Amino acid sequence: MGKRVVVTGVPGVGKTTVIEKALALLGREGITYQPINFGTFMYEVASEEGLVRDRDEMRRLDGQTQKRLQKTAAQKIAGIEGYVLIDTHTSVKTPTGYLAGLPEWVLRDLMPDTIVLVETDEDQILLRRLGDETRVRDREGAKGIAEHQQFNRALAASYAMMTGCTVTVVRNPDFLLDNAATDLADVLR
Amino acid sequence: MGKRVVVTGVPGVGKTTVIEKALALLGREGITYQPINFGTFMYEVASEEGLVRDRDEMRRLDGQTQKRLQKTAAQKIAGIEGYVLIDTHTSVKTPTGYLAGLPEWVLRDLMPDTIVLVETDEDQILLRRLGDETRVRDREGAKGIAEHQQFNRALAASYAMMTGCTVTVVRNPDFLLDNAATDLADVLR
Amino acid sequence: MGKRVVVTGVPGVGKTTVIEKALALLGREGITYQPINFGTFMYEVASEEGLVRDRDEMRRLDGQTQKRLQKTAAQKIAGIEGYVLIDTHTSVKTPTGYLAGLPEWVLRDLMPDTIVLVETDEDQILLRRLGDETRVRDREGAKGIAEHQQFNRALAASYAMMTGCTVTVVRNPDFLLDNAATDLADVLR
């Protein structure tokens with residue numbers, strides 16, 4: 001028995017908080033999920049193989065090595081028994097465009113049961129980003145955020161086609177964090 | 001000579017009526033399509049294999065068996081000569097999210113020529129659902145229906161990438177059923 | 001060293017002009033891209049094989065032959081060293097619906113680094129098409145153009161899933177061609 005659920009959301013949507021609250025809710029019912037950050041997990045694989053000494057070095061690896069590390073990470077995660085929550089991105093915004101977080105070679109090994117898109121209105125995300133002093137403010141406006149969220153839905157659809165996983169949207173609007181956590185817990189339960 | 005056309009639409013859009021009218025139009029021209037309901041066809045395959053005695057038992061089959069049945073059904077349908085219309089869903093709404101009706105392992109065997117999305121405005125679909133006493137009314141509002149139709153377009157795009165099939169939208173708005181049937185007949189002809 | 005970038009856009013968006021301006025900008029910096037029109041390249045492959053004598057004959061080839069030619073063209077383009085810009089369509093509008101310009105069997109061989117969608121508002125595209133006397137005016141209105149552009153984004157998402165390429169939108173609105181060319185040059189650089 002077990003389940004592999006991927007939880008994603010654009011920066012500033014509040015994904016981490018929603019995950020924490022949802023896992024706390026489930027914990028009270030005796031349901032324990034192992035949370036895994038895909039990026040961190042990949043770094044640990046690279047570190048064990050002696051390829052990198054710190055996370056900055058990850059970016060300097062050539063494309064083929066990164067691809068192999070992604071695959072190895074996906075295989076190892078798929079091998080974990082029980083309930084696993086994978087914290088990652090449907091896509092990452094790079095200087096040359098959106099990059100799929102779960103390309104075909106990752107999906108084939110990871111084979112998640114469900115992909116969750118944590119979303120809210122682009123205006124709210126923009127304000128949340130502006131309020132976050134620790135982040136480098138990028139020039140992306142509300143329109144760009146809306147485009148990113150829309151692109152993520154289309155990407156998630158192609159993930160569903162490739163793996164047979166379900167795709168669901170969990171809304172995390174202002175002042176309604178408890179609802180978002182309950183909705184995510186419903187999917188995870 | 002022949003054609004394999006998949007026709008889909010969310011519950012309440014009037015897909016069945018549009019199909020019936022379109023096939024009647026084509027019948028008068030001497031073009032005969034064999035209509036196949038994908039779910040029923042899969043059930044018949046399972047039934048012949050002695051796996052189930054009624055349709056309710058289909059849901060209780062484990063994931064691997066369901067996947068194998070989907071593949072077998074797709075292969076058998078692809079083997080049928082002539083004009084075949086496959087009545088199914090681009091995606092089904094489940095408690096954990098949208099589930100692709102034509103995942104990769106089905107598409108590879110089915111290889112349709114065209115996928116048709118029967119659509120109309122979410123408000124009209126909502127009213128049609130409310131008027132249908134035989135259905136269990138779900139709590140999905142107009143926004144949810146719009147989201148579902150949008151997700152289906154994205155899914156259909158990934159089906160087109162995987163198979164090379166064409167994708168077309170047939171609108172079925174209130175009072176214009178004849179137009180919808182004519183549009184579908186144009187695609188099937 | 002090199003890069004394979006696919007540039008696409010619906011008819012009338014001004015793709016060719018944007019490409020020419022962007023390549024001129026890069027030329028001044030000493031960056032030379034080899035521009036390849038995918039359709040023309042495929043025709044040349046077919047021509048060399050003695051399959052066709054002119055471009056009209058391309059359409060009369062059977063599906064299997066077209067597929068094989070697409071694959072051969074993709075493989076040959078992937079074999080070209082250095083910077084290559086592939087001018088093609090994310091999807092083509094046909095009588096039975098949208099047809100993917102880069103289906104799975106093309107993508108696997110082509111493996112582009114980036115796919116660019118040149119876009120602008122549907123109203124502007126409509127007016128540009130009406131002003132172009134050399135084109136056969138089709139009956140597609142602004143709504144149809146919007147639908148086509150939206151479908152192309154969804155298709156591009158599935159291309160990103162399949163290949164790991166990035167996807168970016170370059171806007172080409174009225175009176176701002178220089179901005180569009182600069183944006184495309186930034187992606188190509």
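Of all the residues that make up segment A:149-189, how many are polar (S, T, N, Q), over 30 Å from B:L110 (Cα atoms) and in a helix (DSSP H, G or I)?
Number of matching residues: 3.
At pLDDT below 95 and either in contact with a strand residue (DSSP E or B) (Cβ under 6 Å, 6 or more places away or on another chain) or not acidic (D, E) (or both): does that describe B:R68?
Considered against the rule, which asks whether it is at pLDDT below 95 and either in contact with a strand residue (DSSP E or B) (Cβ under 6 Å, 6 or more places away or on another chain) or not acidic (D, E) (or both), B:R68 comes out as no.
Closer than 25 Å to A:V167 by Cβ and among the β-branched types (V, I, T): is that true of A:T17 in this structure?
Yes.
Let's see how each residue does on (1) at pLDDT below 95; (2) closer than 24 Å to C:K93 by Cα; (3) in contact with a Ser or Thr (Cβ under 9 Å, 6 or more places away or on another chain):
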site: C:D132; (1), (2), (3): yes, yes, no
site: C:V136; (1), (2), (3): yes, yes, no
site: C:A156; (1), (2), (3): no, yes, yes
site: C:N172; (1), (2), (3): no, yes, yes
site: C:D183; (1), (2), (3): no, no, yes
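Hand me the list of strands (runs of 3 or more DSSP E) wholly inside segment B:23-133 holding 1 or more residues that are in contact with a helix residue (DSSP H, G or I) (Cβ under 8 Å, 6 or more places away or on another chain), more than 14 Å from chain A (Cβ to nearest Cβ) and not acidic (D, E).
Fully inside segment B:23-133 and qualifying: B:33-37, B:82-87, B:114-119.
Take the residues of segment C:138-148 that are within 11 Å of another protein chain (Cβ to nearest Cβ) and charged (D, E, K, R): which is nearest to the chain's Cα centre (by Cα)?
C:E147
Starting from segment A:149-176, keep only residues that are more than 8 Å from chain B (Cβ to nearest Cβ) and within 14 Å of A:T8 (Cα to Cα), then list their pairs with residues that are aromatic (F, W, Y) and crowded, with 24+ Cβ neighbours inside 10 Å whose Cβ atoms are within a distance under 6 Å, requiring at least 6 positions of separation or different chains.
Taking only residues 6 or more apart or on different chains, the pairs are A:F151/A:Y98.
Conditions (1) more than 20 Å from the chain's Cα centre (by Cα); (2) more than 29 Å from C:M1 (Cα to Cα); (3) surrounded by 15 or more Cβ atoms within 10 Å (Cβ to Cβ), marked per residue:
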site	(1), (2), (3)
C:A24	no, no, no
C:I36	no, no, yes
C:V45	no, no, yes
C:L61	yes, yes, yes
C:L69	no, no, yes
C:Q75	no, no, no
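Give segment C:41-70 a look and list any residue that's of a type in the set (V, I, T) and under 20 Å from B:G164 (Cα atoms), or say none.
If the condition is that a residue be of a type in the set (V, I, T) and under 20 Å from B:G164 (Cα atoms), then C:T65 is the only one that fits.
In the list C:E104, C:E122, C:E147, which residue meets the criterion of being out of contact with any His (no Cβ under 7 Å at 6 or more places or on another chain), farther than 18 Å from B:Q150 by Cβ and of a type in the set (D, E)?
Selected residue: C:E104, the only one of C:E104, C:E122, C:E147 that is out of contact with any His (no Cβ under 7 Å at 6 or more places or on another chain), farther than 18 Å from B:Q150 by Cβ and of a type in the set (D, E).
How about segment A:43-79: which of its residues are of a type in the set (V, I, T) and touching a residue at least 60 places away in the same chain (Cβ under 8 Å)?
A:I77
Tally up the residues in segment B:153-166 that are surrounded by 24 or more Cβ atoms within 10 Å (Cβ to Cβ) and under 20 Å from B:I125 (Cβ atoms), please.
Number satisfying all stated conditions: 3.
Among the listed residues A:T32, A:T40, A:T8, which satisfies the condition of being hydroxyl-bearing (S, T, Y) and more than 28 Å from A:R128 (Cα to Cα)?
Going through A:T32, A:T40, A:T8 in turn, the sole match is A:T32.
The values are calculated or read from the model by the stated rules, or taken from the named source; none is laboratory data. The structure displayed is predicted, hence computed values, not measured ones. Please note: Cβ atoms are built from the backbone with ideal geometry, for glycine as well, and neighbour counts cover all protein chains shown.
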